[in-house]
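Nothing in this text is a laboratory measurement; each read-out follows from the coordinates by a stated rule. The shown structure was predicted, so the numbers you read here are calculated from the model rather than taken from an experiment. Don't worry about glycine lacking a Cβ; one is built from the backbone with ideal geometry, like all the others, and counts go over all protein chains shown.
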Amino acid sequence: MARRPHMTLERLAELPFEVLKVEWARCYGAPAPNMSVDLLRMGIGYKLQAQRLGTVKRSTRSLLRQIAATPNEDRATKPMPRKLTVGTRLVRDWHGVGHTVIVLDEGFEYNGQRWRSLTAVAKAITGSHWNGNRFFGLTEPRK
């Protein structure tokens with residue numbers, strides 16, 4: 001039986017969609033969800049990095065457990081504050097295309113350009129006005 005070559009982040013960029021779906025199933029033990037090639041690559045890349053560098057910190061896991069234990073009605077009335085730190089990547093799938101925005105000291109980087117606001121980025125992606133925080137899932141829609 002031939003050995004499968006070791007998967008690396010560099011190789012991910014070369015893999016076609018069908019191979020990425022197989023790799024996702026191998027990494028996650030479940031069929032690949034219906035998402036863009038970019039998001040499949042990011043998800044597999046996360047798993048590869050977690051295997052090599054470790055997973056999220058214990059404090060982060062604890063916070064996630066607290067959030068999960070909070071009743072849904074409390075979460076709806078008290079949104080979690082979200083502080084965007086420099087280097088944070090915001091990812092959004094829009095009509096089957098993955099979009100990644102990087103938080104900078106002043107503004108954001110998207111598609112090789114600097115932007116003053118997430119709202120401007122959301123408009124560039126969708127062609128219509130969106131609240132940038134809402135578009136990237138940082139705030140809940142108004143009731």
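Under a Gaussian network description of the chain, with springs only between Cα atoms under 10 Å, the residue in G107, G43, G54 that fluctuates furthest is G54.
Subtracting the Cα-Cα distance of D105 and V22 from their residue separation scaled by 0.36 nm leaves 26.1 nm.
Here's the picture: charge each Lys and Arg Cβ at +1 and each Asp and Glu Cβ at -1 in the range 89-135, and of I102, N131, A120 the one pushed furthest to the positive end of that dipole is N131. Once Cα extents along the principal axes in Å is calculated for the structure shown, the corresponding label among [x] 94, 26, 16; [y] 77, 38, 26; [z] 57, 38, 28 turns out to be [z]. Taking each residue as 0.36 nm, the span from R114 to L84 lengthens on full extension beyond its C-alpha to C-alpha distance by 9.2 nm. Only the Cβ atoms of Lys and Arg (+1) and of Asp and Glu (-1) were treated as charged; on that basis the dipole of the range 9-53 about its Cα centre amounts to roughly 180 debye. Note on the chain: Lys pairs 8 or more places apart or on different chains, Cα atoms under 20 Å apart, count 4.
For the range 89-135, relative contact order (Cα pairs under 8 Å, six or more residues apart, normalised by length) works out to 22 percent. In this simple spin-label model, placing a label point 7 Å from the Cα along the Cα-to-Cβ direction at both V91 and K123 gives a separation of 2.8 nm.
Just to be sure I understand: with springs between alpha-carbon atoms less than 10 Å apart, which residue in V103, V19, V121 has the highest mean-square fluctuation in the Gaussian network model of the chain? The residue that fluctuates most here is V19. A simple spin-label model places pseudo-atoms 7 Å from Cα toward Cβ; at V37 and T139 they are separated by 3.6 nm. Along the chain, the exposed loop sites are GluC sites (Glu not before Pro) outside DSSP states H, G, I, E and B with at most 13 other Cβ atoms within 10 Å, and the longest stretch free of them is 15-105.
Entry note, the chain: the mean residue ellipticity at 222 nm calculated from DSSP H runs of n ≥ 4, each adding -39500 (n - 2.57), is -12500 deg cm²/dmol after division by the residues and rounding to the nearest 500. Available extension along the chain between T60 and T8 is 16.1 nm, counting 0.36 nm per residue and deducting the alpha carbon span. A Gaussian network model of the chain, with springs between Cα atoms under 10 Å, assigns the largest mean-square fluctuation among I102, I44, I67 to I67.
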